[in-house]
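Trainee: Got a structure here, written out as C-alpha cells. Questions coming.
The values are calculated or read from the model by the stated rules, or taken from the named source; none is laboratory data. Quick caveat: nothing in here was measured; it's all calculated off a predicted structure. Cβ atoms come from the backbone with ideal geometry, glycine included; neighbour counts cover every protein chain shown.
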Amino acid sequence: MTLSDNSVVDNSRISGDESDASRGLPVNLEVPPGLQVVPMSKHHEHGPADFSLSTSLHHHLLPTADDVRERLKLQSAEQFLLQMARLQRSPPDLDIQAGSVVALKTIPKGTQYGPFEGKLLREPMDRRFAWEVIDLDVRGWLDATLEPTNWMKHIRCGSSSADANVQHFLKDGHLWYEVICDISPGRELLLRPKVPLHPRDGQDERGSERGSAHRMGEIY
C-alpha cells in the first residue's frame, strides 16, 4: 500500500500544537499507567520538566528565615543557654533542667564535679549563677551566667545546710563541688547556702584538702 502525493505528511511543518493524528501518531496509542506523553516542542518551550513534586507540595511547610528569627526572639537568653549546655557533654547520670539538676541514677558520696567556670565581674549578672569572691586584692563575683557549657550553675542552694547533699571546695584556686551523701534517683542536687569564696586562704569545707593560693582571675 502506498500513499498518494496529497497524503504525504511534511514533518518539517508540523508544530507542537497540532494533533497526534496530523503528526502521524496513532490516535489510540496506549500509554502505560503513570506516564504522560509530552510533545518535545512544548518540553523545550517551557524548559526542563520539574520532577520535584514532593518538594513543591511540602515547601510551604518549611520554616522561612523570618520564621526562624521570630522563634529565636521568643526564646529567652536562659533557655538558649540551657539548650547549648545540653549539646555539651554532661554527666549521663544527671538531668540538667532550667534551675535544677536531678539525679537519674544513684550518685555515690564523694563524687566530684568541676571546675566551676565563669568570669570575675564587679557585679553579678545573675546571683543564682554566681559566687562572691573576696581576697586581699580581689573582690567581685565568679559569674557563670553567660557560660553555656557550665551545667554546674544550675545546681540550686538549699534553704539550709540540712537540706544539702552537695558542698563546694577550692582546689588549686578553682571551685569544685562534691557529693556529701548518696543521692538516690529522682532527688535534686542541692548546695549548702552560698558563702563568699576566699581563694588565697585555700578555703575547703571538707577540711581534708587545701587549695593553693591562687588568684581566680581578672576582674572585668
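Trainee: Can you name the condition, by its number, that residue 186 falls short on among (1) at pLDDT 90 or above; (2) over 28 Å from residue 102 (Cβ atoms); (3) surrounded by fewer than 14 Cβ atoms within 10 Å (Cβ to Cβ)?
Mentor: The single condition residue 186 does not satisfy is (2).
Trainee: Suppose we filter the stretch 123-159 for residues that are more than 23 Å from residue 90 (Cβ to Cβ), assigned to a loop (DSSP other than H, G, I, E, B) and of a type in the set (Asp, Glu); how many remain?
Mentor: Residues meeting the conditions: 3.
Trainee: Would you pick out the residues in the stretch 134-177 that are closer than 19 Å to residue 124 by Cα, of a type in the set (Ser, Thr, Tyr) and either touching a Phe, Trp or Tyr at 6+ places or on another chain (Cβ under 7 Å) or at pLDDT 95 or above (or both)?
Mentor: Within the stretch 134-177, just 145 meets the criteria.
Trainee: Considering only residues of the stretch 118-148 that are in contact with a helix residue (DSSP H, G or I) (Cβ under 8 Å, 6 or more places away or on another chain), within 20 Å of residue 198 (Cβ to Cβ) and of a type in the set (Asp, Glu), which is surrounded by the fewest Cβ atoms within 10 Å (Cβ to Cβ)?
Mentor: Within the stretch 118-148, the match that is surrounded by the fewest Cβ atoms within 10 Å (Cβ to Cβ) is 135.
Trainee: Let me ask something else about it. Please determine whether any residue of the stretch 100-117 is aromatic (Phe, Trp, Tyr) and either surrounded by fewer than 20 Cβ atoms within 10 Å (Cβ to Cβ) or under 17 Å from residue 90 (Cα atoms) (or both).
Mentor: Yes, the stretch 100-117 contains a residue that is aromatic (Phe, Trp, Tyr) and either surrounded by fewer than 20 Cβ atoms within 10 Å (Cβ to Cβ) or under 17 Å from residue 90 (Cα atoms) (or both).
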